[in-house]
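The values are calculated or read from the model by the stated rules, or taken from the named source; none is laboratory data. Since the model is a prediction, treat every value here as computed from it, not as a measurement. Neighbour counts are summed over all protein chains in view; Cβ atoms, including those assigned to glycine, are modelled from backbone coordinates with ideal geometry. Protein only, heavy atoms only, side chains kept; ligands, DNA and RNA dropped before computing areas. Shrake-Rupley method; radii C 1.70, N 1.55, O 1.52, S 1.80 Å.
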Amino acid sequence: MTEMAREAAAGFDNAGGVGGQPVLDRLVALLDLEKIEENIFRGVSPAHSPVRVFGGQVAGQALVAAGRTVPKERRVHSLHAYFIRGGDPSVPIVYEVDRIRDGRSFTTRRVVGIQHGKAIFSLSASFQKDEGGIEHSEGMPDVPDPESLPTLQERAEGYFIGHHDRPRPIDLRYVNDPPWVTRKSGELPARNQVWMRADGKLPDQQLLHVCVLTYASDMTLLDSVLARHGVYWDLDKVIGASLDHALWFHRPFRADEWFLYDSASPTASGARGLATGRFFAADGTHIATVVQEGLLRVV
């Protein structure tokens with residue numbers, strides 16, 4: 001679907017700071033990779049990224065590539081990724097899939113994203129057939145209903161933050177004051193809590209919902225590190241980038257229904273910050289867990 005993906009990239013560039021079904025449809029088209037050879041896929045990017053491709057997009061596309069080589073009845077349960085080089089949004093990314101193992105219960109894939117002849121991203125993902133077993137989970141934090149909270153646009157009004165003007169296929173509703181607000185008030189919150197959902201309706205494709213959550217998981221996570229120090233992107237001299245990213249998917253979910261992203265930062269040192277997050281469906285079900293380390297230079 002290369003032509004659709006190119007149109008989607010152009011649509012992102014022209015959409016301004018809006019969301020809704022048209023922008024979500026463009027994200028779905030960007031995740032619909034072109035198969036150019038067995039185990040080789042190609043994806044494009046919106047050119048609106050001034051410096052590099054958004055990490056959540058690369059991770060989502062790589063997971064699509066891996067999933068295209070796995071039987072549909074096997075669900076991805078974990079991924080581990082490294083961001084090796086900044087992606088160039090002006091040229092396609094080629095994803096090469098290595099079929100590491102096809103076992104009785106588990107399937108393992110390794111994916112490398114390539115631009116200009118060099119690896120920019122690597123991902124390992126494990127898929128499993130559905131099985132029963134013991135179950136438990138911690139409860140969801142007590143938070144307000146997402147529909148009662150202001151939109152991101154309402155929260156950002158009066159603050160000149162560049163990335164807030166980009167098209168957003170994900171609807172975000174901050175539970176606590178956003179980090180650009182706490183930065184001004186002098187608060188140093190220990191947690192960052194955001195309700196999220198795909199801003200529209202997604203097709204009934206299980207892998208697509210997982211890839212959209214993967215895309216969203218790279219949003220707001222490192223904010224939990226910066227908020228503890230009273231600094232924020234664009235408003236302070238912060239240089240940052242995702243270094244690695246790990247996700248575990250515990251239970252089925254829909255990414256076009258509200259889920260809570262509850263994140264915190266246990267430590268930061270050596271110009272790196274570690275952030276952990278938990279995803280909960282609106283009914284309190286713990287659906288996924290994430291850990292990310294990011295490069296964070298405050299100059």
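A few notes on this one:
- Test for Ala216: is it of a type in the set (Gly, Ala, Ser), within 26 Å of Arg254 (Cα to Cα) and touching a Leu at 6+ places or on another chain (Cβ under 8 Å): no
- The selection criterion, being open to solvent by 50 Å² or more (accessible area, probe 1.4 Å) and among the small types (Gly, Ala, Ser), does not hold for Gly230.
- One residue from Lys184, Lys201 being surrounded by fewer than 15 Cβ atoms within 10 Å (Cβ to Cβ) and assigned to a helix (DSSP H, G or I): Lys184
- Residues that are within 20 Å of Gly277 (Cα to Cα) and touching a residue at least 60 places away in the same chain (Cβ under 8 Å) occur at least once in the stretch 109-132.
- Residue selected from the stretch 113-144 under the condition within 16 Å of Ala81 (Cα to Cα) and touching a Ser or Thr at 6+ places or on another chain (Cβ under 8 Å), by the criterion most open to solvent (accessible area, probe 1.4 Å): Ser124
- Within the stretch 19-49, the residues that satisfy the criterion of being among the charged types (D, E, K, R) and within 15 Å of Ala65 (Cα to Cα) are Asp32, Glu34, Lys35, Glu37, Glu38, Arg42.
- Sole exception among (1) among the hydroxyl-bearing types (Ser, Thr, Tyr); (2) under 30 Å from Arg109 (Cα atoms); (3) not in a loop (DSSP other than H, G, I, E, B) for Ser137, by number: (3)
- From the list Asp177, Asp244, the one residue that fits, being under 26 Å from Gly270 (Cα atoms) and among the charged types (D, E, K, R), is Asp244.
- Here Lys201 clears all of (1) farther than 20 Å from Gly20 by Cβ; (2) touching a helix residue (DSSP H, G or I) at 6+ places or on another chain (Cβ under 9 Å) except the condition numbered (1).
- Candidate set: the stretch 230-255, residues that are more than 14 Å from the chain's Cα centre (by Cα) and either at pLDDT 95 or above or among the small types (Gly, Ala, Ser) (or both); chosen: the one nearest to Ile120 (Cα to Cα): Gly240
- Residues (outside any strand (DSSP E or B) and within 20 Å of Gln206 (Cα to Cα)) located in the stretch 77-107: Ser105
- Contact annotation: residue pairs with Cβ atoms under 8 Å, 6 or more positions apart or on different chains, pairing a residue in the stretch 168-190 that is under 19 Å from Pro141 (Cβ atoms) with a partner that is at pLDDT below 90 and assigned to a helix (DSSP H, G or I), are Tyr174/Arg155; Asp177/Ser185; Pro178/Arg155; Pro178/Ala156.
- Here Glu154 clears all of (1) assigned to a strand (DSSP E or B); (2) among the acidic types (Asp, Glu); (3) more than 30 Å from Tyr95 (Cβ to Cβ) except the condition numbered (1).
- So Thr69, is it touching a Pro at 6+ places or on another chain (Cβ under 9 Å), at pLDDT 95 or above and hydroxyl-bearing (Ser, Thr, Tyr): no
- Test: Thr108 is farther than 18 Å from Ala288 by Cα, polar (S, T, N, Q) and touching a Ser or Thr at 6+ places or on another chain (Cβ under 6 Å): yes
- From Arg52, Arg110, residue being among the basic types (Lys, Arg), open to solvent by 30 Å² or more (accessible area, probe 1.4 Å) and not in a strand (DSSP E or B): Arg52
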